[in-house]
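Q: To start, I am sharing the structure in question, which I have written as structure tokens.
Readers should treat all values here as calculations from the given coordinates under stated rules, not as data from a laboratory. None of these values were measured; they are calculated from a predicted model. Cβ sites come from the backbone with ideal geometry, for glycine too, and all protein chains shown count toward neighbours.
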Amino acid sequence: MVTHDDLVQGLKNLGIAAGDTLFVHSSFKALGPVAGGVETVIRALETGLGPEGLLLMPSFNLVERARRAETWDPQTTPSTVGWITEYFRRLPHTYRSDHYSHSVAARGKGAQPFVADHLRQEGYESPWDCAPWGKTYGLHSPMVKAYQRDAKLLMLGVDYTTSTYCHFVEVLYWHKLRAQEPTSAFPRLNRPALGAFWDQTGRLTRGMLAAAPCRQFSIRAYVDALLAEVEANPHPYLD
């Protein structure tokens, strides 16, 4: 049975440090038995980050696309991307961005202002934009703010099929394509292929957290490297 202290040590071994801003994709099931369940996992993450850290998780509403807007309430709509994220968004003092599809939840230093402006319209367009909500990957999106801050990404027991930052790469690449040809179609990228490229070439820390294989790396380095690769060599990655 894995304990809180085991998890804290495992996070330290993965390179998570006090004061970090950390975005977590997760599978609770992958961890195996944990004493105290999912609450222990979140407490361990917060212990590793300390009082100056900021913990971010996707809190997406990925029901059928046509039903996302009608089912959205930032206070009550469940997160559809794993039990850890749903437990996290329901905790007291967790703040959630107001976006019908791709909201982000946050706890820690500066959490409320970090996710407060997802209704704003400045920044990159994407296929997930839907008025009256703001740009999904606009300049005030929490995911873009995490990229700008050079936050860390922890993939806890999941593979690159969960890597939503590949969507941000798509958005940035589309922006560049449209600067050359305004009618360019949105580029759908193959996440496993991009992940294989990053595993081979990127700077990342790999290890185990309990029974869960994990990767930890810089969001900015990841996005920038994937974008450069797709710009230089698009065909292996286009779906």
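Q: Relative contact order for the chain using alpha-carbon pairs under 8 Å, separation at least 6, rounded to a whole percent?
A: RCO, the chain: 20 percent.
Q: Length gain on complete extension for the stretch GLU70 to ARG188, per 0.36 nm per residue less the alpha carbon to alpha carbon distance?
A: 39.9 nm
Q: Just the number, please: percent antiparallel of the DSSP beta bridges in the chain, rounded to the nearest 5.
A: Taking every DSSP beta bridge within the chain, about 70 percent pair in antiparallel fashion.
Q: A further question follows. Pairing the Cα long axis of helix 4-13 with the longest principal axis of the chain, what angle in degrees results, from 0 to 90 and rounded to the nearest 10?
A: Tilt relative to the chain: about 50 degrees.
Q: A further question on this structure: To the nearest 10 degrees, how steep is helix 38-49 against the longest Cα principal axis of the chain, on a 0 to 90 scale?
A: Between helix and principal axis, roughly 80 degrees.
Q: With a cut-off of at most 11 other beta carbons within 10 Å, and DSSP calling the residue loop, which GluC sites (Glu not before Pro) in segment 52-161 qualify? Please list them.
A: Qualifying residues, ordered by number: GLU64, GLU122.
Q: Further question on the same structure: Each label point is 7 Å from the Cα along the Cα-to-Cβ direction; what then is the distance between the points at ALA18 and THR201, in nm?
A: Rounded to a tenth, the inter-label distance reads 3.8 nm.
Q: Based on the alpha-carbon gyration tensor of the chain and its eigenvalue square roots a ≥ b ≥ c, which shape applies: rounded if a/c is under 1.5, prolate if not and a/b is larger than b/c, or oblate?
A: Note, shape of the chain comes out oblate.
Q: Taking the Cα atoms only, what angle lies between the long axis of helix 165-180 and the longest principal axis of the chain, rounded to 10 degrees?
A: Helix 165-180 sits roughly 20 degrees off the main axis of the chain.
Q: First measure r as the distance between the Cβ atoms of ALA179 and LYS29, then evaluate 1/(1 + (r/R0)^6) with R0 = 25 Å and state the FRET efficiency to the nearest 0.05.
A: E between ALA179 and LYS29, to the nearest 0.05, is 0.05.
Q: Then there's this: What is the Cα centroid distance between segment 168-207 and segment 1-62, reported in whole angstrom?
A: Cα centres, segment 168-207 to segment 1-62: 27 Å.
Q: Also, I was wondering about something else. Suppose only helical runs count, i.e. DSSP H with n ≥ 4. What mean residue ellipticity at 222 nm does that imply for the chain under -39500 (n - 2.57) per run, divided by all residues and rounded to the nearest 500 deg cm²/dmol?
A: -11000 deg cm²/dmol
Q: Could you tell me the calculated FRET efficiency between HIS4 and GLN112, based on Cβ-Cβ distance and R0 = 22 angstrom, to the nearest 0.05?
A: 0.25
Q: Give, as a single signed number, the net charge of other residues whose beta carbon lies under 10 Å from the beta carbon of PHE186, with Lys and Arg counted +1 and Asp and Glu -1.
A: Taking every Cβ under 10 Å from that of PHE186, the sum is 0.
Q: Explain nothing, just the number: dipole magnitude of the chain about its Cα centre with +1 on each Lys and Arg Cβ and -1 on each Asp and Glu Cβ, in debye rounded to the nearest 20.
A: Rounded to the nearest 20 debye, it is 200 debye.
Q: Using the structure shown, select from LYS109/LYS145; LYS12/LYS135; LYS29/LYS109 the pairs with a Cα to Cα distance greater than 25 angstrom.
A: LYS12/LYS135; LYS29/LYS109
Q: Could you tally the net charge around GLY108, taking each other residue with its Cβ under 12 Å from the Cβ of GLY108, Lys/Arg +1 and Asp/Glu -1?
A: Residues close to GLY108 contribute a combined charge of -1.
Q: Let me ask something else. In nm, to one decimal, how far is the ARG43 label point from the HIS235 one, both placed 7 Å along Cα→Cβ?
A: Going by the 7 Å Cα→Cβ label model, 5.5 nm.
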